[in-house]
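The values are calculated or read from the model by the stated rules, or taken from the named source; none is laboratory data. Note that the coordinates shown come from a computational prediction; the quantities given were computed from them, not determined experimentally. All Cβ positions, glycine included, derive from the backbone under ideal geometry; neighbour counts span all protein chains shown. Accessible surface areas use protein heavy atoms only, side chains included; no ligands, DNA or RNA. Shrake-Rupley method; radii C 1.70, N 1.55, O 1.52, S 1.80 Å.
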Amino acid sequence: MIGLSILFYKYSRHINCGQIEFIIKAENKQVGESIGFEDLTPGANSWIWDFGDNSPKNHDRSPSHKYSKSGIYIVTLKVNKSCTLKKTLEIKNINKIIDSTKIPIIIAPTLVTVGQRFAVDYDYLGEATSWEWSFGESGQVDYNSEYPIYSYSTPGKKRLTLIINGDITYIASKDIYVKPEKTNVPTLLDIPRRKIPDSIFVNKPPKPEKDPLDKFIAHIPAMPKESPQQLEPINNAKSQAPSISENQFALLLLDVAKQNKTMEDFGKYTCNKYDFPVSKNDDDIINFNKFTQEIQNKKIRIKSIHLKKNSENCIEGFNILYKTKKGPFWIYTK
């Protein structure tokens, strides 16, 4: 009985360190502002917060903290005395006017793969004599060379920063999305929507007679056709939306679930329209605005996604098959 009690105690305190996560809630991230921190780790029952400014450690689940000086701080959270996560937080001076021409511009890819080596560059108007590159993975300065080459060891959203000549006032930053390393086993995200074999499902879903998103769009009243003379000058004025792959779009949705992105971050791909239809799990159709609200602060796993675009390359709808974590289980959400 004593052995079983010890085993149960250890099991109840065990968490998956890969699931440790916390968010930073701040309006301006400036000196004197009360900044909130909230742990989102499942199964956590003890916390040790280190705010990186030599202040006393905090043991609450959702503490708040004020910084007295501007700068870049490493916020560290230790959960259940076993799992640790670090994030970089930049605190600015109150109402300080920044000359944007003195901020260097980082030249680096936006999307890379775990293990992929890539070089970075920068544009800067002044004379540079020192460089501090931080790639957002180690929580510290990684390189002091002018043109470093780097590769990420873990997937996720990383923030690359550059400080020139030690002047932290004009720090430059760029977000880089790191994809998991490719394996020989294809994932559902790599398979086109219409070619997913039934064998990948444990319980085979019924084959729909017609795409529900197509049925929805078919009932939208069509605009009257314009004459060729009217249409030609309008087409000349239209601009194409930037291209985004279905894999990249899925990564943005995962960032929405983690509260790192919002609906407005999709504007350039949707031509600033957010009320288009979303068919989720072949069962329900809702608009994109409501869909982004539903997945916020949830653990989701996207199985497949199929985008629908118009002639201007604007996304006007998509089908998505995904699961949501409920307790220890992953289920399809209706």
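Just need a number here: residues in the range 58-80 that are farther than 21 Å from Thr161 by Cα, touching a residue at least 24 places away in the same chain (Cβ under 8 Å) and open to solvent by less than 50 Å² (accessible area, probe 1.4 Å).
Number of matching residues: 5.
Give the residues of the range 246-286 that are β-branched (Val, Ile, Thr) and open to solvent by less than 10 Å² (accessible area, probe 1.4 Å), sorted by residue number.
Of everything in the range 246-286, those that are β-branched (Val, Ile, Thr) and open to solvent by less than 10 Å² (accessible area, probe 1.4 Å) turn out to be Val256, Thr270, Val278.
Please go through the range 20-32 and pick out each residue that is in contact (Cβ under 8 Å) with a residue 40 or more places away in the chain and of a type outside the set (Phe, Trp, Tyr).
Once the filter is applied, which keeps residues that are in contact (Cβ under 8 Å) with a residue 40 or more places away in the chain and of a type outside the set (Phe, Trp, Tyr), the range 20-32 yields Ile20, Glu21, Ile23, Ile24, Asn28, Lys29, Gln30, Val31, Gly32.
Can you tell me which of Lys92, Lys102, Lys174, Lys157 is touching a residue at least 24 places away in the same chain (Cβ under 8 Å), basic (Lys, Arg), open to solvent by 30 Å² or more (accessible area, probe 1.4 Å) and within 30 Å of Pro42 (Cβ to Cβ)?
It is Lys157.
Identify all residues within the range 245-266 that are part of a loop (DSSP other than H, G, I, E, B), more than 18 Å from His306 (Cα to Cα) and without any contact (Cβ under 8 Å) to a residue 24 or more places away in the chain; write none if there are none.
Answer for the range 245-266, where residues must be part of a loop (DSSP other than H, G, I, E, B), more than 18 Å from His306 (Cα to Cα) and without any contact (Cβ under 8 Å) to a residue 24 or more places away in the chain: just Lys261.
So, Asn45, is that one modelled with pLDDT of 90 or more, open to solvent by 40 Å² or more (accessible area, probe 1.4 Å) and out of contact with any Cys (no Cβ under 7 Å at 6 or more places or on another chain) or not?
Here the answer is yes, as Asn45 does meet what is asked.
Among residues belonging to the range 121-134 that are open to solvent by 50 Å² or more (accessible area, probe 1.4 Å) and at pLDDT 90 or above, point out the one that is nearest to Val178 (Cα to Cα). Walk me through it before giving the result.
Residues of the range 121-134 open to solvent by 50 Å² or more (accessible area, probe 1.4 Å): 121, 123-125, 127, 129, 132.
From what is left, the residues that are at pLDDT 90 or above are 121, 123-124, 127, 129, 132.
Details: Asp121: 18, Asp123: 23, Tyr124: 26, Glu127: 32, Thr129: 30, Glu132: 21 Å.
Among those that are open to solvent by 50 Å² or more (accessible area, probe 1.4 Å) and at pLDDT 90 or above, it is Asp121.
When you go through Tyr67, Tyr147, Tyr122, Tyr152 one by one, which is the residue that is of a type in the set (Phe, Trp, Tyr) and part of a strand (DSSP E or B)?
Tyr122
Looking at this structure, is Lys298 in contact with a helix residue (DSSP H, G or I) (Cβ under 7 Å, 6 or more places away or on another chain), closer than 27 Å to Glu38 by Cβ and either assigned to a strand (DSSP E or B) or modelled with pLDDT under 90 (or both)?
Criteria met by Lys298.
Considering only residues of the range 287-334 that are acidic (Asp, Glu) and surrounded by 14 or more Cβ atoms within 10 Å (Cβ to Cβ), which is farthest from Glu246 (Cα to Cα)? Even if it seems obvious, please write down each step before you answer.
Step one: filter the range 287-334 for residues acidic (Asp, Glu), giving 294, 312, 316.
Of the ones still in play, those that are also surrounded by 14 or more Cβ atoms within 10 Å (Cβ to Cβ) are 294, 316.
Values: Glu294: 20, Glu316: 14 Å.
Checked the range 287-334; the qualifying residue farthest from Glu246 (Cα to Cα) is Glu294.
Determine, yes or no, whether Ser55 is in a loop (DSSP other than H, G, I, E, B) and either at pLDDT below 95 or open to solvent by less than 60 Å² (accessible area, probe 1.4 Å) (or both). Lay out the reasoning, then the answer.
Working: in a loop (DSSP other than H, G, I, E, B): yes; either at pLDDT below 95 or open to solvent by less than 60 Å² (accessible area, probe 1.4 Å) (or both): yes.
Yes: the conditions hold for Ser55.
Results for (1) modelled with pLDDT under 90; (2) of a type in the set (D, E, K, R); (3) not in a loop (DSSP other than H, G, I, E, B), shown as yes or no for each residue.
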| position | (1), (2), (3) |
| --- | --- |
| Ile72 | no, no, yes |
| Leu89 | no, no, yes |
| Ile97 | yes, no, no |
| Gly136 | no, no, no |
